[in-house]
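To start, the structure itself, in structure tokens.
The values are calculated or read from the model by the stated rules, or taken from the named source; none is laboratory data. Source: prediction; values computed, not measured. Note: ideal-geometry Cβ built from the backbone for every residue, glycine included; neighbour counts use all protein chains shown.
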Amino acid sequence: MKKLLSLAVLAGLAACEPSPPDAYDVSKMDFTSKAAKVTAQGHKGAFAEGAALSMGAELKRLDAAPVKTVRLDTTHKVIEIAPGVKFSAWTFGDQVPGPTVRARVGDKIRFVMTNRSDEPAPVPQLLAAPMMHSMDFHAAMVSPQDKYRSIAPGQTIEFEFTANYPGIFMYHCGTPMILEHIASGMYGAVIVEPRGGYPTKADREYVVVQSEFYVKPSPGKQKVDGGPLYVLDGERLRAAQPTHTVFNGRHNGMVVNPLAAKPGERVRMFVLNVGPSKTSSFHVVGTIFDRVWMEGNPDNQMRGMQTVLLGSSNSAIVEYLIPQEGSYIMVDHHFANASQGAIGLVSTSAKPPAQDLEHHNMQASATPTDPDAVAGKQAFESKCLACHSVGGGRKLGPDVAGVTKRRDPAWLARWLQEPEKMLQTDPAAKAMLKEYNNLPMPNQSLSEAEIKQYLKYFQWIDAQPAGAVKSQAGGH
Amino acid sequence: MAGLLLSLQALACGYCVEDKIAATYDHAVITRALAHGRHVVFFHVDGAPVARAVLEQAARGRGIENGSARISPDALSLSVAFDPRRMPLVELNAWLDRKLAKHKASLLPLRVMERRSDLAAVKR
């Protein structure tokens with residue numbers, strides 16, 4: 001009897017303990033926001049701005065400010081989605097996918113977007129005609145008719161919302177035809193951390209956005225950098241038959257530039273499948289997902305998963321350990337998708353990704369002023385960065401930093417003009433071919449003036465202090 | 001005015017007003033029209049379903065720029081560039097409505113662009 005009484009008292013005490021606060025108490029959420037403001041005020045600065053933005057796979061830590069001011073302008077530009085496949089894309093923040101926004105539950109996102117699809121381009125006929133665009137944040141709970149309005153070229157829209165739920169949320173252009181706007185590159189991720197942070201400690205954090213491209217050579221046979229320009233293939237798009245399925249906008253992109261991790265480290269990967277029309281069976285060869293938080297919310301937890309299935313606009317945080325030295329292969333285990341480019345590596349031998357010091361559309365380092373060197377820089381960045389770095393070490397070909405000290409100008413000029421002939425006759429060229437896995441440098445059919453511009457640029461690089469000039473991986 | 005508000009409320013079914021405009025927004029038409037002192041008006045096509053050919057036929061003549069009509073049957077929208085000196089918007093709207101009356105359709109002006117990057121609400 002005494003025992004029973006004690007149990008009853010204990011049960012009573014337990015009942016009196018305050019229950020933890022409900023993280024989803026809607027009465028504590030913020031559903032208020034001022035009406036969106038649309039103006040004819042343009043913007044000429046950076047296409048993407050904000051301390052809460054990460055531009056690539058490596059995620060910046062959460063910015064502590066409770067109000068995140070974010071600018072993501074819309075642009076039309078040619079991007080390379082696979083070697084030689086230059087696609088006339090539409091973007092947020094001038095990149096595909098758009099930059100990742102990181103916030104915490106309770107934070108306010110103050111968003112501004114200028115439709116800059118009408119900005120002059122060096123070769124305007126390569127770009128789609130200016131058009132209306134809009135922004136649809138899945139992380140927001142707002143009136144679509146107010147906040148997600150389409151704006152005309154030259155217009156700016158501003159609105160704000162509070163992040164009420166944790167997760168990884170898609171953002172995309174919602175202007176009809178939405179399918180075309182998403183398939184042309186207008187998407188990205190918003191990461192909302194739980195108010196108290198994640199329950200585990202990760203050593204690395206990466207974002208991986210899976211998407212499909214549906215492309216065909218331009219019917220007008222337009223050329224870009226000597227190759228065909230690719231445009232959206234409407235028939236394949238409507239039939240959901242992609243030509244490329246990729247991670248972070250690039251066919252096999254993270255095979256060429258693997259993500260870094262060390263043995264024993266815990267990797268937290270924020271995976272978002274934006275589609276627009278395919279599912280993803282996300283898997284990492286060589287490890288098991290210790291935790292999967294569906295939609296990026298730790299309350300939706302699964303343990304010991306091999307694969308996570310994500311429909312269009314579904315997401316998950318996957319956490320896994322790197323058990324030992326090696327390259328761990330991220331794939332969409334729908335292997336038809338993987339064969340179209342949805343592959344990447346997390347490798348213990350990868351160099352840490354270069355710090356993203358500045359937005360890619362701003363100068364990340366010193367820049368030449370001589371017009372020939374400027375033209376050479378532009379040509380180099382559009383044609384050569386896939387195979388060569390500037391101060392970043394070897395890629396498929398040599399690092400061009402120091403090239404004017406290794407070779408004399410006449411040799412370089414000949415090499416740029418007729419590499420195939422040099423490979424037949426010149427001992428230095430032959431040795432270089434052998435050193436670089438017999439991958440010959442293609443003849444770019446450069447004019448004498450263009451060669452002069454390249455040389456001016458290379459000379460300018462070598463006149464800078466060591467390490468002062470660095471190219472961004474991939475190029476634009 | 002009440003009619004206009006009711007009609008706009010009825011549009012809140014997935015397409016924002018601006019999205020209907022986007023469906024017929026043609027930057028080349030707009031740039032050309034504004035450069036020549038013309039305006040561009042965006043209409044919602046109200047009433048019975050109307051064939052594209054009917055709208056194309058209706059949007060010809062009297063102050064409407066040749067070849068400027070853009071039609072989206074899916075979004076039920078129509079845009080035209082017009083010369084406001086030859087025919088003010090109110091008259092243009094009434095004239096087009098008369099032409100479409102026999103098809104039991106009418107036009108609801110959503111926005112008018114008189115300057116670049118300025119989709120102004122239509123004052124009635």
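Observations on the model:
- Search result, residues across the stretch A:260-283 that are surrounded by fewer than 23 Cβ atoms within 10 Å (Cβ to Cβ), out of contact with any His (no Cβ under 9 Å at 6 or more places or on another chain) and under 30 Å from A:Leu237 (Cβ atoms): A:Ser277
- Selected residue (criterion: modelled with the lowest pLDDT) from residues of the stretch B:60-103 that are more than 16 Å from B:Leu34 (Cβ to Cβ), in contact with a helix residue (DSSP H, G or I) (Cβ under 7 Å, 6 or more places away or on another chain) and among the small types (Gly, Ala, Ser): B:Ala75
- Failed criterion for A:Thr162 (all others in (1) of a type in the set (Ser, Thr, Tyr); (2) within 23 Å of the chain's Cα centre (by Cα); (3) under 19 Å from A:Met135 (Cα atoms) hold): (2)
- Within the stretch A:42-73, the set of residues being of a type in the set (Val, Ile, Thr) and surrounded by 19 or more Cβ atoms within 10 Å (Cβ to Cβ) comprises just one member, A:Val70.
- Failed item in (1) surrounded by 22 or more Cβ atoms within 10 Å (Cβ to Cβ); (2) on the phi > 0 side of the Ramachandran plot; (3) not basic (Lys, Arg), with A:Met254 passing the rest: (2)
- For the residues A:Ala189, A:Ala183, the requirement of being under 30 Å from A:Lys262 (Cβ atoms), in contact with a Leu (Cβ under 6 Å, 6 or more places away or on another chain) and either within 14 Å of chain B (Cβ to nearest Cβ) or of a type in the set (Gly, Ala, Ser) (or both) singles out A:Ala189.
- A:Met135 away from every other protein chain (no Cβ under 14 Å), at pLDDT 95 or above and buried (at least 23 other Cβ atoms within 10 Å of the Cβ): no
- Among the residues of the stretch A:91-142, those that are in a loop (DSSP other than H, G, I, E, B) and hydroxyl-bearing (Ser, Thr, Tyr) comprise A:Ser117, A:Ser134.
- Note on the stretch A:138-180: residues that are away from chain B (no Cβ under 14 Å) and without any contact (Cβ under 8 Å) to a residue 12 or more places away in the chain total 0.
- Residue that is surrounded by the fewest Cβ atoms within 10 Å (Cβ to Cβ), among those in the stretch B:65-83 that are part of a loop (DSSP other than H, G, I, E, B) and within 12 Å of chain A (Cβ to nearest Cβ): B:Asp74
- From the options B:Arg116, B:Arg86, residue that is over 26 Å from A:Thr114 (Cα atoms) and either surrounded by fewer than 14 Cβ atoms within 10 Å (Cβ to Cβ) or within 14 Å of chain A (Cβ to nearest Cβ) (or both): B:Arg86
- Selected residue (criterion: farthest from B:Arg115 (Cα to Cα)) from residues of the stretch A:117-126 that are under 23 Å from the mean Cα position of the chain (by Cα) and more than 11 Å from chain B (Cβ to nearest Cβ): A:Leu126
- Some residue of the stretch B:97-105 being basic (Lys, Arg), away from every other protein chain (no Cβ under 12 Å) and in contact (Cβ under 8 Å) with a residue 24 or more places away in the chain: yes
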